[in-house]
Amino acid sequence: MPIHLIGPLMLLGSLVMLAGGAAGAVAASRGGRPRLRNGFGAVVGSWLTVHALLLVAWPVLAPMQVLRSGEELAFCGGIDCHLHLAVLDARRAADLSVTIRLSSNAKREPEFPGLLRIRVVDAMGREYAPLEALGPDPLGAGESYTRELRFTVSGDAKGLQLVATWDGWLDRLVPGPENAWVKQRTRFELPSSAGGT
């Protein structure tokens, strides 16, 4: 099983376990069976504890990774990983300009890069959002395009890196490599001339 499927399956399992356990506990309580109710509670509690431990441990144990210009980061939308992002160039004048390439290697279905949260992070941990969002337009199967993103960064900002994660809150509940806290441990190196590392 591909590792990126662990998180969605774990989240689905947790939701099913929570609903089933709650229904079983209510039925056991109404039927006057406290031991069965407690058993449902113990099973659900144990499952949710494992889920929570994975949510905490995976981001801590995932290694930091720095991608160089042109290297791609894949984003998985459940069962496939067809959306790719690469940093091609960065320049710093009044603002920081970063040229990115978004591409899809899907055969039929579009990808939605507008669901990504892209930002620049400096060595002090300050985050800078792009001045303009990517927009909601889908990226067709097999297509790619480049886009220049502009960021207003502090004059003293050093060690700049670009970070991209999914933007939804649900992605923080999915354990595994697609979790937003895990994904942000992979960063794109920006040229030193642009204030990068």
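Since every read-out is calculated from the coordinates, none of them should be taken as a lab result. Everything numeric here is computed off the predicted structure, so don't read it as measured data. Ideal geometry is used to build each Cβ from the backbone, glycine not excepted, and the neighbour counts take in all protein chains shown.
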Handout entry: Answer label, with Cα Rg over 2.2 N^0.38 Å calculated from the coordinates and candidates [x] 2.12; [y] 1.28; [z] 1.91
Key = [y]
Completion exercise
Extension length gain for LEU88 and LEU36 (0.36 nm per residue less Cα distance), in nm, is 12.8 nm
Problem - Helix 34-61 axis, angle to the chain major axis (alpha carbon atoms, nearest 10°) - result: 20
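Assigning unit charges at the beta carbon (Lys, Arg +1; Asp, Glu -1) and nothing else, what dipole magnitude in debye, to the nearest 20, does the stretch 65-194 show about its Cα centre?
Numbers: 16 positive and 18 negative charges, 59 e Å.
So the magnitude is around 280 debye.
Taking the Cα centre of the stretch 1-151 as origin, sum charge times position over the Cβ atoms of Lys and Arg (+1) and Asp and Glu (-1), and report the length of that vector in debye to the nearest 20.
On the way: 15 positive and 13 negative charges, 169 e Å.
Once rounded to the nearest 20, the dipole reads 820 debye.
Determine the calculated [θ] at 222 nm for the chain from helices alone, applying -39500 (n - 2.57) to every DSSP H run no shorter than 4 residues and normalising by the residue count; nearest 500 deg cm²/dmol.
Working: 3 runs with 57 residues, N = 197.
Theoretical 222 nm ellipticity from helices: -10000 deg cm²/dmol.
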Problem - Nearest 10 degrees, 0 to 90: helix 6-30 Cα axis against the chain principal axis - result: 30
Exercise for the section: Find the Cα radius of gyration of the stretch 3-61, compare it with 2.2 N^0.38 Å by division, and give the number to two decimals. Expected result: 1.33
Completion exercise
In terms of the charge dipole of the chain, which places +1 on Lys and Arg and -1 on Asp and Glu at the beta carbon, the residue among GLY142, VAL163, SER192 farthest towards the positive end is VAL163
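ALA129 to VAL50: FRET efficiency via 1/(1 + (r/R0)^6), r the Cβ-Cβ distance, R0 35 Å, to the nearest 0.05? Numbers along the way, then the final one.
Numbers: r = 34 Å, r/R0 = 0.99.
It comes to 0.50.
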Exercise for the section: Among LEU55, LEU131, VAL153, pick out the residue whose Cα is farthest towards the positive end of the charge dipole of the chain, where Lys and Arg carry +1 and Asp and Glu carry -1 on C-beta, about the Cα centre. Expected result: LEU55
